[in-house]
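Undergrad: I'd like to ask some things about the structure below.
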Amino acid sequence: MSFFRRNINGILGTILFHLIVICVCLACKIGVIQKEPESYIIIDPQDFEMDDKSQSSEAEDEMMTDEQIDQYLQNLGIAGSNYSGTRTYQPSSGQSMSEADMKAKYEEQFLREKYGDDYNDAQNRTYEDYIDQSRMEQYKSDNKPRNMVKSGPALVYAELDNKQREVSYLHVPVFTCEGSGVVVVRISVASSGKVSSAEVVSSNLTADVECLTNAARTAALKSSFSKISGNKTEGGKITYTFVRQ
């Protein structure tokens, strides 16, 4: 303690000296102003002129006159004619193809490709003709029995005692007989759908009776129907109409 008392002036002087040094350093640090370097871009005035010219040029390109539009449509019409191989319309010099003409031309090309050789007949048909044909096709489709099969010179029609049972396959007889007429075959159908037995019950034939009845019976045995549950045999009949070959 006596040491500090004896040297108090020296100690205080040292502290004061360091404080002065610190204050001077801080003052110098604050006084220095650091300026960031500035960068400059030099733009040539000609660049502005070139940009203005390019923008004006693009604006002129986007604007088409009426004559240019007509020429463009005319070129489209000629290109379409060359593509189809036939020129159905060719505007004369100085004459432009209107939008309606182009539409009519492409419609005609589409119809020619669709109908082919029947194009002229299709053009002469009226709306009523299309309606009548559509109704006739719909009538034929709706009234075609599912248990009737026609192939070549024979028409086959099946009728089961169980009306809920459907036909899976009706075999059409292939025959070389000379006669024609109707043969009715009585069948027995197993639960599996296969025909277990077939017997000719009636026939109305013009000739070759044995040949046609055998063909009908053989075809009946090759037919099949939908399956049912249980071990039950159901009956039915198949009518064969033979047409003279």
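The values are calculated or read from the model by the stated rules, or taken from the named source; none is laboratory data. Quick caveat: nothing in here was measured; it's all calculated off a predicted structure. Quick reminder, even Gly has a Cβ in these numbers, built from the backbone with ideal geometry, and neighbours come from all protein chains shown.
Undergrad: Is it the case that segment 214-237 has a residue that's acidic (Asp, Glu) and without any contact (Cβ under 8 Å) to a residue 60 or more places away in the chain? Let's see the steps before the verdict.
TA: Of all residues in segment 214-237, those acidic (Asp, Glu) come to 234.
Remaining after also requiring without any contact (Cβ under 8 Å) to a residue 60 or more places away in the chain: none.
Scanning segment 214-237 turns up no residue that is acidic (Asp, Glu) and without any contact (Cβ under 8 Å) to a residue 60 or more places away in the chain.
Undergrad: Could you look through segment 199-233, keep only residues that are in contact with a Lys or Arg (Cβ under 8 Å, 6 or more places away or on another chain) and among the β-branched types (Val, Ile, Thr), and pick out the one that is nearest to ARG165 (Cα to Cα)?
TA: Applying the first criterion (in contact with a Lys or Arg (Cβ under 8 Å, 6 or more places away or on another chain)) to segment 199-233 yields 199-201, 206, 224-226, 228.
Next, from what is left, pick out any that are among the β-branched types (Val, Ile, Thr): 200-201, 206, 228.
Values: VAL200: 22, VAL201: 22, THR206: 33, ILE228: 8 Å.
Only one residue tops the list, namely ILE228.
Undergrad: Okay, next question. For residues that are at pLDDT below 90 and polar (S, T, N, Q), tally how many sit in segment 204-218.
TA: 1
Undergrad: Kindly indicate which of VAL189, VAL209, VAL185, VAL201 is in the same structural domain as ILE228 (by TED's automatic domain parsing) and touching a helix residue (DSSP H, G or I) at 6+ places or on another chain (Cβ under 9 Å).
TA: Working: VAL189 fails: touching a helix residue (DSSP H, G or I) at 6+ places or on another chain (Cβ under 9 Å); VAL209 fails: touching a helix residue (DSSP H, G or I) at 6+ places or on another chain (Cβ under 9 Å); VAL201 fails: touching a helix residue (DSSP H, G or I) at 6+ places or on another chain (Cβ under 9 Å).
Checking each option against the conditions leaves just VAL185.
Undergrad: What number of residues within segment 200-245 satisfy the criterion of being of a type in the set (Asp, Glu) and surrounded by 12 or more Cβ atoms within 10 Å (Cβ to Cβ)?
TA: Here is the first cut: in segment 200-245, the residues of a type in the set (Asp, Glu) are 208, 210, 234.
Remaining after also requiring surrounded by 12 or more Cβ atoms within 10 Å (Cβ to Cβ): 208, 234.
Of the residues in segment 200-245, 2 are of a type in the set (Asp, Glu) and surrounded by 12 or more Cβ atoms within 10 Å (Cβ to Cβ).
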